[in-house]
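Here is the structure we will look at.
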Amino acid sequence: METIPKANCTQIGFIRKTHGVRGELILDFDPVFESSLSKSKRLFLEIDGLLVPFFISDEGLWIKSSKSAIVKLDWVDSEEYACRLRNSSVFIYSSEIIPEEEDNALCFENYLIEDETLGAIGVITQTNNYSGNVVFTVLKGNNELLISFNVELLVSVDEQKRIIKLNLPNGLIDL
């Protein structure tokens, strides 16, 4: 049996814990690898110092946030089996890594959000993509607000001043 050389792979994260009773796993990953993970058909889990290939089941990957996903692997069909994979480092082939776009439209951390009516709302501290629904976490004073983003709400983006102007629906934010 041929082993997978670790030098040909890049660690993208680790298995944090099990999810449910059918063998699903929670994978914590570095956000720069989200696109690579979404396109991947297999993952390599480090078990006893060796990289063991596991294929992702059909429709077996659900990105939950920019840092975690639920993954269902072929042949891992029980909670007991999944428990043995906890805390395993997860790798993919380095050649399968999709470079992150420098002008990624979803990288708005540290931008100020302004509403056309309300004015300055707060600064974006995190951007999450929940199955295609982009949500900004915005710091307003000591409070965190979650603002669902839709391109139809976008009025303008000033990249130099790092300001996003939106036209938010009435009542979305209670200031």
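Under 7 Å by Cβ, and 6 or more places apart or on different chains, what pairs join a residue from the range 18-44 that is β-branched (Val, Ile, Thr) with one that is part of a helix (DSSP H, G or I)?
Close Cβ pairs satisfying both conditions: Thr18/Glu79; Thr18/Ala82; Thr18/Cys83; Val21/Glu79.
Any residue at all in the range 42-49 that's over 13 Å from Phe91 (Cα atoms), out of contact with any Leu (no Cβ under 6 Å at 6 or more places or on another chain) and not small (Gly, Ala, Ser)?
Yes, that holds for at least one residue.
Give me the pairs: first residue in the range 96-115 and of a type in the set (Ser, Thr, Tyr), second residue modelled with pLDDT of 70 or more and surrounded by 13 or more Cβ atoms within 10 Å (Cβ to Cβ), beta-carbon distance under 9 Å, and six or more apart or on different chains, which are they?
The qualifying pairs are Tyr111/Val123; Tyr111/Ile124; Tyr111/Phe136; Tyr111/Val157; Tyr111/Arg162; Tyr111/Ile163; Tyr111/Ile164.
How many residues does the range 112-151 contain that are polar (S, T, N, Q) and within 18 Å of Lys165 (Cβ to Cβ)?
Result for the range 112-151: 4.
What do you reckon, is Glu100 at pLDDT below 85 and under 15 Å from the mean Cα position of the chain (by Cα)?
Judged against the criteria, Glu100 is a match.
I need the strands (runs of 3 or more DSSP E) fully contained in the range 43-141, keeping only those with at least 2 residues that are in contact with a Lys or Arg (Cβ under 6 Å, 6 or more places away or on another chain) and under 13 Å from Glu24 (Cα atoms).
The strands (runs of 3 or more DSSP E) meeting that bar are 50-63.
The values are calculated or read from the model by the stated rules, or taken from the named source; none is laboratory data. For clarity, every value in this text was computed on a predicted model and none was experimentally measured. Here the Cβ is made from the backbone with ideal geometry for all residues, glycine too, and neighbour counts use every protein chain on show.
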